[in-house]
Amino acid sequence: MRPEVPDLSLTPLTDEAGLDAALAHSYREPILLFKHSRWCGISHRVREDVLRVAAARSVPLYEVVVQTARPVSDAIARRLGIRHETPQAFVIYQGQVFFHASHYAITPDALNKTLDQLDCAGSSAE
């Protein structure tokens, strides 16, 4: 049995104004952005990992459910220049994509490694 997913408030992205706000937030601190498919078993499994990482590190998490917000998903692909996939995760900081992966390449280790590197970069710049 898998451990319970932490109760974490995530911000759903349902329109481009929400995406604008998420990207603006990335200029203050790193954010996680997750494209989720309600119809995909892989998406449900990796979503749990993304939720755990976000909760453990107190990283803002934004989620796009592609079945209800496909225009936002398309806008992400267009703005970030990365082809749409689901599930798909991004670590974004200062408007730049520092990590992106899809399917089983979305792992806690990969997310944590990227966030660790950004923590080091942030503390060395101070």
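For the range 53-62, which positions are in a helix (DSSP H, G or I) and surrounded by 18 or more Cβ atoms within 10 Å (Cβ to Cβ)?
Listed by number, the residues that qualify are Val53, Ala54.
Count, please, the residues in the range 70-80 that happen to be within 12 Å of Leu33 (Cβ to Cβ) and out of contact with any strand residue (DSSP E or B) (no Cβ under 6 Å at 6 or more places or on another chain).
We begin by selecting, within the range 70-80, every residue within 12 Å of Leu33 (Cβ to Cβ); these are 72-73, 75-77, 79-80.
Going one step further and asking which of them are out of contact with any strand residue (DSSP E or B) (no Cβ under 6 Å at 6 or more places or on another chain), we end up with 75-77, 79.
Of the residues in that region, 4 qualify.
If you take the residues of the range 23-32 that are within 19 Å of Ala89 (Cβ to Cβ) and in contact (Cβ under 8 Å) with a residue 60 or more places away in the chain, which of them is most open to solvent (accessible area, probe 1.4 Å)?
This residue is Glu29.
Quick check: is even one residue across the range 6-15 open to solvent by less than 80 Å² (accessible area, probe 1.4 Å), at pLDDT 95 or above and over 21 Å from Thr107 (Cα atoms)?
Yes, some residue in the range 6-15 is open to solvent by less than 80 Å² (accessible area, probe 1.4 Å), at pLDDT 95 or above and over 21 Å from Thr107 (Cα atoms).
Under 7 Å between Cβ atoms, which residue pairs at least 6 apart in sequence (or on different chains) link something in the range 63-80 that is part of a helix (DSSP H, G or I) with a partner that is at pLDDT 95 or above and polar (S, T, N, Q)?
Val72/Thr14
Results for (1) open to solvent by 20 Å² or more (accessible area, probe 1.4 Å); (2) touching a strand residue (DSSP E or B) at 6+ places or on another chain (Cβ under 7 Å); (3) assigned to a helix (DSSP H, G or I), shown as yes or no for each residue.
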| residue | (1), (2), (3) |
| --- | --- |
| Ile82 | yes, yes, no |
| Phe90 | no, yes, no |
| Tyr104 | yes, no, yes |
| Thr114 | no, yes, yes |
| Leu118 | no, yes, yes |
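The values are calculated or read from the model by the stated rules, or taken from the named source; none is laboratory data. Everything numeric here is computed off the predicted structure, so don't read it as measured data. Using ideal geometry, Cβ is built from the backbone for each residue, glycine included, and neighbour counts are taken over all protein chains shown. For the accessible areas, the whole protein counts, side chains as well, though only heavy atoms, and no ligand, DNA or RNA atoms are used. Shrake-Rupley method; radii C 1.70, N 1.55, O 1.52, S 1.80 Å.
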